[in-house]
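Heads up, the thing below is written out as structure tokens.
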Amino acid sequence: MRTVERVLVVEDNRSLLRTLEEALRARFPDVRAGRGIADVSRLIDGWSPDLVILDFQLADGDARSVLDLAALREPAPVVVAVSGEASPVDTFELAHRGVRAFIPKPVTLDELERAIAVALETAPRLEPHLRQAVGHHGLAAMTEEVRAVMIDEALARAAGSRRAAARILDTSRQLLQYLLRRR
């Protein structure tokens, strides 16, 4: 399971934002909160959340803009989306953009805890995506892309330590170093 210390809560409803922020502060050491995209942009400048709790509809945009900002962070945060307004198409798009769990509003703290646990404890299923890539991408290109993304993410999670990254990847440090030299 992934370790979480830094949490970003993005919710435009002040009351719900305070409730979520207080509940998460009891569990995580560094919780920051914002009401929109402008807040998120300011909050993540020089700070990378491990977990993002994200309302879909915000006063100055929607979750897609926040996901664009989060995609620039390394390591990539785990994202749990919350919404009373997202359509099935929106929810589908969020899942394809890396959202690991979705909770419809109104949300209870128990539901949030369960969603966070599922998002942190389970890996996304790769098989459906890989199967759909057949015929669009060659095996060598897919293998190289998967390898590069996994290595970069492991190094980011390990703060650049090759030894720790190798442990995350369940491989030897020597193989990791070899793969890095081949880049």
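Summary table below
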quantity	calculated
Pairs with Cβ under 6 Å, 6+ apart, first in the range 1-13 and farther than 13 Å from residue 25 by Cβ, second surrounded by fewer than 14 Cβ atoms within 10 Å (Cβ to Cβ) and at pLDDT below 95	1/121; 12/59
Qualifying positions in the range 2-31 - touching a Leu at 6+ places or on another chain (Cβ under 6 Å) and either buried (at least 17 other Cβ atoms within 10 Å of the Cβ) or assigned to a loop (DSSP other than H, G, I, E, B) (or both)	2, 4, 7, 9, 10, 11, 12, 31
Answer residue from the range 43-80, given it is closer than 15 Å to residue 24 by Cβ and free of Cβ contacts under 8 Å to residues at least 40 places away in the same chain and is surrounded by the fewest Cβ atoms within 10 Å (Cβ to Cβ) among those	43
Elements of type strands (runs of 3 or more DSSP E) in the range 33-128, at least 3 residues being farther than 19 Å from residue 5 by Cα and not assigned by TED's automatic domain parsing to the domain that holds residue 157	99-104
Residues within the range 120-137 that are within 16 Å of residue 149 (Cα to Cα) and in contact (Cβ under 8 Å) with a residue 24 or more places away in the chain, tallied	1
Meets criteria (of a type outside the set (D, E, K, R) and at pLDDT 95 or above) for residue 177	yes
Subset of the range 138-183 [among the small types (Gly, Ala, Ser) and either in contact with an Asp or Glu (Cβ under 8 Å, 6 or more places away or on another chain) or surrounded by fewer than 15 Cβ atoms within 10 Å (Cβ to Cβ) (or both)]	138, 140, 141, 148, 156, 159, 160, 161, 172
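Here is a yes/no grid of residues against (1) charged (D, E, K, R); (2) farther than 29 Å from residue 16 by Cβ:
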residue	(1), (2)
48	no, no
73	yes, no
102	no, no
112	no, no
140	no, yes
145	yes, yes
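The values are calculated or read from the model by the stated rules, or taken from the named source; none is laboratory data. Fair warning: this is a prediction, and the values are worked out from it, not measured in the lab. Cβ sites come from the backbone with ideal geometry, for glycine too, and all protein chains shown count toward neighbours.
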